[in-house]
There are 2 protein chains.
Amino acid sequence: MKKTSLNDIALHLGVSKTLVSFVLNGKGKEFRISEEICKKVLAVSKELNYQPNRIAQGLRTGKTNTIGLIIADIANPFFGILGREIEQEAAKFGYRVIFCSSDENPEKSRQQIEMLQQSQVDGYIISPPKDSEDQIRALALGNVPLVLIDRYFPEIECNHITVDNFDAAYRATNHLLRMGRKRIANITVNLDLVNMHQRTEGYKQALRDSGIRVEESLIKVLPFSHENKEVAKAVKDLVTKNSQNKVDAILFSTSKLGINGIESISALGLKIPDDIAIVSFDNPDAYKICVSPVTVVNQPLKEIGKTAVQILLGEIKHPDNHAKIQKVILKTDLIIRKSCGS
Amino acid sequence: MKKTSLNDIALHLGVSKTLVSFVLNGKGKEFRISEEICKKVLAVSKELNYQPNRIAQGLRTGKTNTIGLIIADIANPFFGILGREIEQEAAKFGYRVIFCSSDENPEKSRQQIEMLQQSQVDGYIISPPKDSEDQIRALALGNVPLVLIDRYFPEIECNHITVDNFDAAYRATNHLLRMGRKRIANITVNLDLVNMHQRTEGYKQALRDSGIRVEESLIKVLPFSHENKEVAKAVKDLVTKNSQNKVDAILFSTSKLGINGIESISALGLKIPDDIAIVSFDNPDAYKICVSPVTVVNQPLKEIGKTAVQILLGEIKHPDNHAKIQKVILKTDLIIRKSCGS
DNA sequence: TTGAATTACTAAATCGTTTTAGCAAAAATA
DNA sequence: TATTTTTGCTAAAACGATTTAGTAATTCAA
């Protein structure tokens, strides 16, 4: 029950495996293999159910037709949708994807990059965790194509696809202001990542442009591995009546924060949008069916994934493009629902 | 800038690559390589940043340390969480995972299985779509380990991990009955899959055991690729006042159905649980923050994933176990929230 | 009719490992 | 001292493909 190899077909027909290889790679014409033999090879290869050994091919050609993907957590629908799109677009061109969840942990991502290197992947799509600059720099200097998604490191010259986070947060905050909110908080994570940083900067700028002073105490920065409790604590500080930080609106920088936040707000017996208005980044199902459906900054996840694969494959196929770095910044859209009042 | 190979290290030290291979595989003792040389090899391998070429290893040893995963859709949090667990457990033992989303499409899954075969994966974890019996049977007869998850085909002898869907649906339905509901509907998909079939059977049995006649018109079976509209239509038929199918509770067999269902119910201006009670399979975030948090059948996703990997790796390491088929059926738990009244 | 060109193929090297078989020198034994 | 055993290592085959360089047989041109 061993798998059939090129050689098996060759022996079966009394020809060389060179010939078989030529024919099966569609190079029969090019190498002047007779029609007759071509047909026989094809027939026998079908008869013996020949499946090329991609590992052997990979060793010989140096191309594995595999790309390595590192994201924070495939269980998070944000990355799930992104991963799905990447898998799908890659499959279109005959590429497989090895998925890795880094949990925003640079040590894990280091190990994963090493593993992917050893696996001889043809390219990387990475959403790099904080403190992984060195790994990314090293990769970017190598000669294997690399595309960063969702975030990047400003000081590293490297392809990346992101959204205009500043603009998105600016518009989201502005929306809250237009809806009459005066005191707006921002709950966020990990300010060391550019994307999060830009969100908070956009929020601040919107306030300033409306002549509102930015109060640092209204910006709650939670550790990445935040528990429900921590969000609850932050929310509590921002919404309780006699807190001096009492606000009338919150901008959540991620949906994980937002979902936990809504839970906390409900638990405190407060109503959205009457007691507090909210806007959140990302657009999970949860926001469509909760008490008041949430106004969100929707990211073009499919486009991010698709573009990342296209740029990556472009570079894989034309390594000479390697010098041309592509920095793509996509637009988000603000989906207005009921969580900011009307 | 070429990668360093075993041979590079060998040349660098003036020894054979055989020796280098022995040392780096920790077989220095076994093959009586002198301490001194061992140290040098290790040092040079570190100095040249040697990374083993897993492709070459794979070709030589026939083991790629890679497992192939086929699920319906990685963007669906149900499979996202499952996939995450599988990735994590596999990584613990040095295995990589190639992810494939089949969209419940047997033609896609066929292609994906073929791709994974060519990639020489060491084992498969598959959530097989309907009409993929032949593919699965063929795989099961081969000598590459295989574990099915979430569903299986009763007529195919093969490892599988599922939950007790019959029991889960039975208990969920019973809960609705205990909460005083008299007329209970079931909205489901794809009855051809055992898991879905068992859910509906559990639902029916619970009704019968309570002396309630099963009405086929209250069981709505939607196509897999159901749109929001179709769910809306089913819901509408079940909840509108003068419909002869008017019910006071619905059991949703998947969370995708449930989420769409809740949206439809809200759109009709009805209140959960006052106008209609609901229970759903699966436990997405959405159910925690919606108008009335939803009572759910929670599946032990982490355990399913972990067990699947353990059984698979067990078989990979001890191919003699191949004959011993493992059928694991895990328990679900019913998480009671507010959607059934109190 | 000879030399060149074309046709239809094949041998062998190669990719980077692992692993079997074996070899020379030193040490131990008789 | 001669033989055996042990020590410390290496050569070479193998995995399954691709690809370069070539070759024998035929056809063509002059």
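Quick note: the coordinates plus some simple rules give every number you see, no bench work behind them. Fair warning: this is a prediction, and the values are worked out from it, not measured in the lab. Quick reminder, even Gly has a Cβ in these numbers, built from the backbone with ideal geometry, and neighbours come from all protein chains shown.
Below is a table of values for the structure above.
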| read-out | value |
| --- | --- |
| Under-5 Å amide H pairs with B:Leu222, H placed in peptide plane, nonlocal only | B:Thr188, B:Val189, B:Asn190 |
| Inter-site label distance for A:Ala138 and B:Asp103 at 7 Å from Cα along Cβ, in nm | 3.9 nm |
| Candidates B:Gln51, B:Gln310, B:Gln118, ranked by Gaussian network fluctuation over chain B, Cα under 10 Å, top entry | B:Gln51 |
| Contact order relative to length of the stretch A:6-52, as percent, for alpha carbon pairs under 8 angstrom and 6 or more apart | 39 percent |
| In nm, spacing of pseudo-spin labels at B:Leu48 and A:Lys39 (7 Å Cα→C-beta vector) | 5.2 nm |
| Long-range Cα-Cα pairs in the stretch B:44-110 (distance over 17 Å), rounded percent | 57 percent |
| GNM flexibility winner over chain B from B:Arg171, B:Arg208, B:Arg183 (Cα, springs under 10 Å) | B:Arg208 |
| By average C-beta atoms within 10 angstrom, highest first, the peptides B:64-72, A:185-193, B:261-269 | B:64-72, A:185-193, B:261-269 |
| Cross-link table A:Lys271/B:Lys220; A:Lys108/A:Lys331; A:Lys27/A:Lys302; A:Lys17/B:Lys63; B:Lys108/B:Lys236, entries beyond 28 Å C-alpha to C-alpha | A:Lys271/B:Lys220; A:Lys108/A:Lys331; A:Lys27/A:Lys302; B:Lys108/B:Lys236 |
| Residue-averaged beta-carbon neighbours from other chains (10 angstrom radius) around B:253-260 | 1 |
| Beta bridges per DSSP with both ends in the protein assembly as shown, % antiparallel, nearest 5 | 10 percent |
| Gyration tensor verdict on the stretch A:73-114 (Cα atoms; rounded if a/c is under 1.5, prolate if a/b is larger than b/c, oblate otherwise) | oblate |
| Backbone HN-Hα couplings from phi across the stretch B:4-16 [Karplus 6.51/-1.76/1.60, Hz, Gly and Pro as x] | 7, 10, 3, 5, 4, 5, 4, 4, 4, 9, x, 10, 8 |
| Inter-copy label distances at A:Glu35 (7 Å, Cα→Cβ; nm, one decimal) | 7.4 |
| Net charge of Cβ neighbours under 14 Å - reference B:Ala140; Lys, Arg +1; Asp, Glu -1 | -2 |
| Relative contact order, percent, the stretch A:165-299 [alpha-carbon distance under 8 Å, six or more residues apart] | 26 percent |
| Cα-based Kirkwood hydrodynamic radius, the stretch B:165-299, one decimal, Å | 14.4 Å |
| Under Karplus coefficients 6.51, -1.76 and 1.60, residue-wise ³J(HN,Hα) of the stretch B:232-238 in Hz, glycine/proline x | 4, 5, 4, 4, 4, 4, 8 |
| Global geometry of the stretch A:206-259, whether rounded, prolate or oblate, following the gyration tensor of its Cα atoms and the 1.5 cut on a/c | oblate |
| Distant alpha-carbon pairs in chain B (separation over 24 angstrom), percent | 62 percent |
| Test item: A:63-69 mean partner chain Cβ contacts at 10 Å | 2 |
| Under Karplus coefficients 6.51, -1.76 and 1.60, residue-wise ³J(HN,Hα) of the stretch A:98-109 in Hz, glycine/proline x | 9, 8, 9, 9, 8, 6, 6, 9, x, 5, 4, 5 |
| Residue-count net charge about B:Leu238 - beta-carbon cut-off 12 Å; Lys, Arg +1, Asp, Glu -1 | +2 |
| Cα-based convex hull, the stretch A:6-52, per residue volume (Å³, whole number) | 60 Å³ |
| Most mobile of A:Gln88, A:Gln205, A:Gln57 in a GNM of chain A (Cα contacts under 10 Å) | A:Gln57 |
| Relative contact order for the stretch A:1-121, counting Cα pairs under 8 Å that sit 6 or more residues apart, in percent | 22 percent |
| Average beta carbon contacts from partner chains per residue of A:98-108, 10 Å cutoff | 3 |
| Gyration tensor verdict on the protein assembly as shown (Cα atoms; rounded if a/c is under 1.5, prolate if a/b is larger than b/c, oblate otherwise) | oblate |
| Residue exposure sequence - A:Val23, B:Val279 - by fewest surrounding Cβ within 10 Å | A:Val23, B:Val279 |
| For B:Arg183, distant residues with modelled amide H under 5 Å away | B:Asp248, B:Ala249 |
| Chain B, helix-only ellipticity at 222 nm - DSSP H runs n ≥ 4, -39,500 (n - 2.57), divided by all residues, nearest 500 | -13500 deg cm²/dmol |
| Within straight-line cross-link reach of A:Lys246, aspartates and glutamates at Cα separation under 16 Å, skipping those fewer than 8 residues along the same chain | A:Glu215, A:Glu216, A:Asp237, A:Asp274, A:Asp275 |
| DSSP-defined antiparallel bridges as percent of all bridges, chain A, nearest 5 | 10 percent |
| Set A:Lys130/A:Lys182; B:Lys204/B:Lys288; B:Lys3/B:Lys39 screened for pairs whose C-alpha atoms are more than 29 Å apart | A:Lys130/A:Lys182 |
| For B:Leu141, inter-copy label distances in nm, listed shortest first [label point 7 Å out on the Cα-Cβ vector] | 5.5 |
